[in-house]
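**Q** Supplied in structure tokens, the structure appears directly below.
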Amino acid sequence: MIGPIVASIIVLGTLYFIISEKMDKVIAVAVGAILMSISGHFLGFYSQSKALMAIDFNTLGLLLGMMIIVAMLKKTGFFTYIAIALAKLSRGKPWILMAILGISTAFISMLVDNVTTIIVIGPISILVCDILGLSPLPILMGEILLSNIGGVGTMIGDPPNVLIASASGLNFDDFLGHLFPVTVMVILVSLPILIFIHRKSLSGKTRNFQAILKIDPRGAIKDPKAMLKALSALLITFVLFFFHDIHGLYPSFIALFGAGLALLLLRPNPEEILHDIEWPVLAFFTCFFVIVGGIEETGVLSLLALKTSALAKFDIRLYKILLLWFAGILSSLIDNVPFTMIMIPVIKSLAVAGIDIGPIWWILAMGVGFGSNALPIGSSAGILGLAISKRSRTPIDTKTWFYSGTVVSVVSLACVTVLILLGFF
Amino acid sequence: MKAKDVMSRDVVTVSPSARIRAIYDIFKKTRYGGVPVVDKEKRILGMVTKAEILSVLLPDYFDMLGENIKFIDDFGALDEEFESLPAFELFIAEDIMMKGAITVDEDVSLLKVVAMMQRYSVRRILVARNNILEGIITRGDICRAFFENRDID
């Protein structure tokens, strides 16, 4: 009995330090992982070999591979090129600019992680707004929210989806078939709402549109050949994801193949590329895998699943709706990665209880993805976007976030609720 | 030679509430490129150089644009604003100063002063004891010490 109690304390303690930000979260999970492995070894609920096996190298490889490809693509100036070229299409109308930049941010973050999307699109968008003499606030706000929404749309759009793909065996095409249409729907619903909320600062025409027209976006591209090479590596990676049925490669090997191809074609200085990889993210995943593996071994999580499976058997729709909103609310408060990792074994145990968990995976992905927009602290893109916005002259304040982010988040989750009620999930 | 042998003890300082124009006037009159910001007890709070004044002129997010400013020649509305900059005169030393400063004790060797200047890429080093300002050493002071006040046998 002591094992489950100790393991639970370690999990709750680690989560406390992650949420309270009393220490760096990588240190919190590293200490948690070590404590879990050692106490598990001495109390007999977890073994060292099981701790090592709990680390999902498929997830880590997929994340690492994509990080390497994106690090190289980022350096070519491709994203700045896209942002400027698209801004020229707005014809000087602020709301069109917001729609174009918002939609392209959503689609970029389906291919690239949300944080990178905001780093590459955010500052250049503020500059475009400043050149136009426009408040950058609504446009940046829209980009942050739409990057989180877009991330839900594909298997690699957001870390929770990567985790779910690896744990469930659902593949790239499954995500494309189930989550992509919903994501497009949520984008089409959220964008008009955002434009309406910020209609005052988006009305009229900008007076300095000529200045944008004068910019040649091709100037942003540092090396056109390098850009084409990086883009083709990314494209080949996606084609391989799409045709996984034919070759049967794991997502991690596909992403690492793409990364290897990009490295081979571009021959960058490896040290520079390694520097661009977000090692803290990979370390966080590794350690949290060990922690979740420990609590899973004690049976606490399957007990949790068993308790809730009664409700699932009673009314599966109600269960899905509750899970959606529970995941949404929790991931608006904490990073959605630890929550998803804990939920994965819980959902797997539901399958043992005889429940069809196919749709449950999608509910989890949409809940954590759309819910993370409700508060700025709910997502890394939100935290970073807020920091970027603080450097502009019209920073996003809590009230603006409440009117934009919280509203969009609730509307997105409400859309999914309707889809559940209609029997789509 | 020690720091105290080359430092100027008569340091022009500004208070944290000094207006940006007053600081510019000091630069113009004295030909200095930077002044320490000190409180009434001569405790060092920071430093204002011409670089700090220039950075007021640019929006904060510009450092995140990296090389992306290379291909843009006309900044539209931003250019107009740059030239008028209504709030510019309102800035005071406290808003724009680089907080803290590179300081040395008056008894340290001159070699250390030179090494600190190169390491932190600063043009002047403050001499202080317990963060109370005692003097300033500029690159000019060091050059002078080496080229002019030496007995070459």
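**Q** So, in the stretch A:219-261, of the ones that are touching a residue at least 60 places away in the same chain (Cβ under 8 Å) and facing chain B (nearest Cβ under 8 Å), which residue ends up nearest to A:Val120 (Cα to Cα)?
**A** A:Ala220
**Q** Of a type in the set (S, T, N, Q) and out of contact with any strand residue (DSSP E or B) (no Cβ under 6 Å at 6 or more places or on another chain) - does that describe any residue in the stretch B:16-24?
**A** Scanning the stretch B:16-24 turns up no residue that is of a type in the set (S, T, N, Q) and out of contact with any strand residue (DSSP E or B) (no Cβ under 6 Å at 6 or more places or on another chain).
**Q** I would also like to ask the following. Pairs needed: first member in the stretch A:309-324, within 14 Å of A:Leu419 (Cβ to Cβ); second member anywhere, of a type in the set (S, T, N, Q); C-beta distance under 7 Å; at least 6 residues apart or different chains.
**A** Listed by first residue and then by second, the contacts come to A:Ile321/A:Thr417; A:Leu324/A:Thr417.
**Q** Tell me, which residue of the stretch A:373-425 that is outside any helix (DSSP H, G or I) and aliphatic (A, V, I, L, M) is farthest from the other protein chains (Cβ to nearest Cβ)?
**A** Restricting to residues being outside any helix (DSSP H, G or I) and aliphatic (A, V, I, L, M), the top hit is A:Leu422.
**Q** Out of A:Ile396, A:Ile321, I need the residue that is more than 20 Å from A:Gly150 (Cα to Cα) and crowded, with 23+ Cβ neighbours inside 10 Å. Which one?
**A** A:Ile396
**Q** List, please: which pairs have Cβ atoms under 6 Å, are six or more places apart or on different chains, and start with a residue in the stretch B:18-46 that is open to solvent by less than 60 Å² (accessible area, probe 1.4 Å) and end with one that is assigned to a strand (DSSP E or B) and of a type in the set (Ser, Thr, Tyr)?
**A** B:Gly33/B:Thr49; B:Gly34/B:Thr49
**Q** Here's another thing I want to ask about it. Taking the stretch B:47-98, which residues are open to solvent by 50 Å² or more (accessible area, probe 1.4 Å), farther than 30 Å from A:Tyr81 by Cα and away from every other protein chain (no Cβ under 14 Å)?
**A** B:Lys50, B:Ala51, B:Glu89, B:Leu90, B:Phe91, B:Glu94, B:Asp95, B:Met98, listed by residue number.
**Q** What's the total number of residues in the stretch B:106-131 that are under 21 Å from B:Val35 (Cβ atoms) and surrounded by 14 or more Cβ atoms within 10 Å (Cβ to Cβ)?
**A** 12
**Q** If you go through the stretch A:108-133, how many residues are within 14 Å of chain B (Cβ to nearest Cβ), surrounded by 24 or more Cβ atoms within 10 Å (Cβ to Cβ) and outside any helix (DSSP H, G or I)?
**A** Number of matching residues: 0.
**Q** Further question: Within the stretch A:62-82, can one find any residue that is polar (S, T, N, Q), open to solvent by 20 Å² or more (accessible area, probe 1.4 Å) and not in a helix (DSSP H, G or I)?
**A** No, there is no match, as no residue in the stretch A:62-82 is polar (S, T, N, Q), open to solvent by 20 Å² or more (accessible area, probe 1.4 Å) and not in a helix (DSSP H, G or I).
**Q** Identify, by number, the condition in (1) in a helix (DSSP H, G or I); (2) open to solvent by 70 Å² or more (accessible area, probe 1.4 Å) that A:Leu249 doesn't meet.
**A** So the condition that A:Leu249 fails would be (1).
**Q** List the number of the failed condition for B:Ala101; all other conditions in (1) farther than 30 Å from A:Ile212 by Cβ; (2) in a loop (DSSP other than H, G, I, E, B); (3) open to solvent by 50 Å² or more (accessible area, probe 1.4 Å) hold.
**A** Against the list (1) farther than 30 Å from A:Ile212 by Cβ; (2) in a loop (DSSP other than H, G, I, E, B); (3) open to solvent by 50 Å² or more (accessible area, probe 1.4 Å), B:Ala101 comes up short only on (3).
**Q** State the number of residues belonging to the stretch A:199-231 that are touching an Asp or Glu at 6+ places or on another chain (Cβ under 6 Å), small (Gly, Ala, Ser) and surrounded by fewer than 19 Cβ atoms within 10 Å (Cβ to Cβ).
**A** Total meeting the criteria: 0.
**Q** With the structure loaded, tell me whether A:Ala312 is open to solvent by less than 10 Å² (accessible area, probe 1.4 Å) and in a helix (DSSP H, G or I) or whether it fails that test.
**A** So A:Ala312 passes the test.
**Q** Can you tell me how many residues in the stretch A:134-143 are open to solvent by 10 Å² or more (accessible area, probe 1.4 Å) and either assigned to a helix (DSSP H, G or I) or among the hydroxyl-bearing types (Ser, Thr, Tyr) (or both)?
**A** 2
**Q** Evaluate the following for A:Ile96: is it within 20 Å of A:Leu137 (Cβ to Cβ), open to solvent by 30 Å² or more (accessible area, probe 1.4 Å) and at pLDDT below 95?
**A** yes
**Q** Applying the selection to the stretch A:179-198, what residues are exposed (fewer than 13 other Cβ atoms within 10 Å of the Cβ) and either farther than 30 Å from A:Ile360 by Cβ or over 30 Å from the mean Cα position of the chain (by Cα) (or both)?
**A** If the condition is that a residue be exposed (fewer than 13 other Cβ atoms within 10 Å of the Cβ) and either farther than 30 Å from A:Ile360 by Cβ or over 30 Å from the mean Cα position of the chain (by Cα) (or both), then A:Pro192, A:Phe196 are the ones that fit.
**Q** Yes or no: A:Ala167 part of a helix (DSSP H, G or I), out of contact with any Leu (no Cβ under 8 Å at 6 or more places or on another chain), open to solvent by less than 40 Å² (accessible area, probe 1.4 Å) and at pLDDT below 95?
**A** For A:Ala167, the condition - part of a helix (DSSP H, G or I), out of contact with any Leu (no Cβ under 8 Å at 6 or more places or on another chain), open to solvent by less than 40 Å² (accessible area, probe 1.4 Å) and at pLDDT below 95 - is met.
**Q** While we're on this one: Test B:Asp79 against the stated conditions and say whether it is part of a helix (DSSP H, G or I), in contact with a helix residue (DSSP H, G or I) (Cβ under 9 Å, 6 or more places away or on another chain), under 30 Å from A:Lys205 (Cβ atoms) and free of Cβ contacts under 8 Å to residues at least 24 places away in the same chain.
**A** yes
**Q** Okay, next question. Which is surrounded by fewer than 24 Cβ atoms within 10 Å (Cβ to Cβ) and hydroxyl-bearing (Ser, Thr, Tyr), of A:Ser349, A:Ser412?
**A** The unique qualifying residue is A:Ser349.
The values are calculated or read from the model by the stated rules, or taken from the named source; none is laboratory data. Since we're looking at a predicted model, the values are computed, not measured. Backbone-built Cβ (ideal geometry, glycine too); neighbour counts: all protein chains shown. Ligands, DNA and RNA are excluded from the accessible area calculation, which covers all protein heavy atoms including side chains. Shrake-Rupley method; radii C 1.70, N 1.55, O 1.52, S 1.80 Å.
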